[in-house]
Amino acid sequence: MAAKVSKAKRPKRRWVGIALPNSIQSREDLTSVLEASPFGPYRIKLYDCYPGSSEAALAACSIQKRTDGVGFAIVCVLLSEYDEVRNVFDSENNYGLTSVTSSGKIRLVRERLGIPKPLRR
């Protein structure tokens, strides 16, 4: 059995909190948008997903004082691809996905968005 790779040698990553348009109503919808959009070539892993109709998204909207009723998600991006992914979020061809916050720690992104940590399955 191979030894575990040390933390310093693992690839670095960034957690990005995104706002979802109302057209995305499930985790599967968001996954298909990410695969079929300009985000496709990047290694983006979806972690948390709260569509606009969920209680967590409604609570997060009230915390952020948003009235547009958007959903929220957290994705993980490799640090080497982070700048390129942020450029796609800022472009016109982003499929309605907008970047709200990012950090090297998922806990901080959850706190800034105001969404809870999902229960373990």
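Could you grab the pairs with beta carbons closer than 7 Å, sequence gap of 6+ or different chains, first residue in region 22-51 and under 12 Å from Gly71 (Cβ atoms) and free of Cβ contacts under 8 Å to residues at least 40 places away in the same chain, second one part of a helix (DSSP H, G or I) and of a type outside the set (Ser, Thr, Tyr)? These pairs meet every condition: Cys49/Arg27; Cys49/Leu30; Pro51/Ala57.
Scanning region 1-47 for residues being closer than 22 Å to Ala57 by Cβ, modelled with pLDDT under 90 and aromatic (Phe, Trp, Tyr) gives a total of 1. Counting only strands (runs of 3 or more DSSP E) that sit completely within region 15-121, zero hold 2 or more residues that are exposed (fewer than 13 other Cβ atoms within 10 Å of the Cβ).
Residues in region 66-79: is at least one free of Cβ contacts under 8 Å to residues at least 12 places away in the same chain, farther than 15 Å from Ile24 by Cβ and of a type in the set (Ser, Thr, Tyr)? Yes. Against the list (1) within 21 Å of Pro116 (Cα to Cα); (2) touching a helix residue (DSSP H, G or I) at 6+ places or on another chain (Cβ under 7 Å), the condition Pro38 fails is (1). For region 56-71, the condition of being over 17 Å from Arg13 (Cβ atoms) and in contact with an Asp or Glu (Cβ under 8 Å, 6 or more places away or on another chain) holds for at least one residue.
The values are calculated or read from the model by the stated rules, or taken from the named source; none is laboratory data. Note that the structure is a prediction, hence the values are computed from the model and not measured. Cβ sites come from the backbone with ideal geometry, for glycine too, and all protein chains shown count toward neighbours.
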